[in-house]
Amino acid sequence: MRFAPFAAALSLVFATAASVGSADPGEAEPRAAMLIAQGQASLEAGEVQAAIDAFEAALVVDPGYTPIFINLAEAARQDGLQGKAIRYYREALARDPGFLAAISGEGEALVEKGALEKAQRNLARLESLCGETCPETLALQARIAAGPPERLAAESTESETATN
């Protein structure tokens, strides 16, 4: 009887450790992986809504697989919804703060919105996490160097002219 509280506490520790160990997404469930592949094929074919539908279905099948949020963000960016994309990237970062693809993608979406200063912060974060030569850092550097899309640059020039 004296060991009952100790045994209960020890079993609780093992149960918690097992659930934390399974929280690591590793690979997507097979059905989710199939839906992700279908979504990526739709995205490459320019069928953004079909891709979003497939990615959302994959998220329902495997809600613990964080990379699905990157796929959803990419689809949102292709659909011109940078704000929604940023929300998906931030959800991925909330789950895994060191997710390099999410940091880089968020930075690229920020550039597309014209928020270059915030994108520079993402670049600095990437450089501190993986260095100046990792693919994610290089991709974000290139996007920042290219600047915001022409449409956005023209709008900001017009607004500056109107205020002067």
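The values are calculated or read from the model by the stated rules, or taken from the named source; none is laboratory data. Note that the structure is a prediction, hence the values are computed from the model and not measured. Here the Cβ positions follow ideal geometry from the backbone for every residue, glycine too, while neighbour counts run over all protein chains shown.
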Practice prompt. Only residues that are within 14 Å of the chain's Cα centre (by Cα) and not hydrophobic (A, V, I, L, M, F, W, C): list them for the stretch 98-149, please.
Written response: Gly98, Ser104, Gly105, Glu106, Gly107, Glu108, Asn122, Glu136
Worksheet item: under 14 Å from the mean Cα position of the chain (by Cα) and at pLDDT 95 or above, is that true of Ala50?
Response: no
Worksheet entry | Residues of the stretch 59-92 satisfying the condition of being in contact (Cβ under 8 Å) with a residue 40 or more places away in the chain and either of a type outside the set (S, T, N, Q) or touching a Ser or Thr at 6+ places or on another chain (Cβ under 9 Å) (or both) | Gly64, Tyr65, Pro67, Ile68
Item to complete: Hey, can you tell me all the residues within the stretch 92-116 that are in contact with a Leu (Cβ under 9 Å, 6 or more places away or on another chain) and over 19 Å from Pro67 (Cα atoms)?
Response: Leu110, Val111, Glu112, Lys113, Gly114, Leu116
Worksheet item: aliphatic (A, V, I, L, M), modelled with pLDDT of 95 or more and touching a helix residue (DSSP H, G or I) at 6+ places or on another chain (Cβ under 7 Å) - does that describe any residue in the stretch 82-90?
Response: yes
Worksheet item: Among the residues of the stretch 94-103, is any farther than 25 Å from Ala50 by Cα and of a type in the set (D, E, K, R)?
Response: yes
Worksheet item: Looking at the stretch 122-140, which of its residues are β-branched (Val, Ile, Thr) and farther than 20 Å from Arg90 by Cβ?
Response: Thr133
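Residues are listed down the side, and each one gets a yes or a no for (1) more than 14 Å from Glu91 (Cβ to Cβ); (2) surrounded by 20 or more Cβ atoms within 10 Å (Cβ to Cβ):
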| residue | (1), (2) |
| --- | --- |
| Pro30 | yes, no |
| Ala37 | yes, no |
| Ser42 | yes, no |
| Ala51 | yes, yes |
| Phe55 | no, yes |
| Pro63 | no, no |
| Leu72 | no, yes |
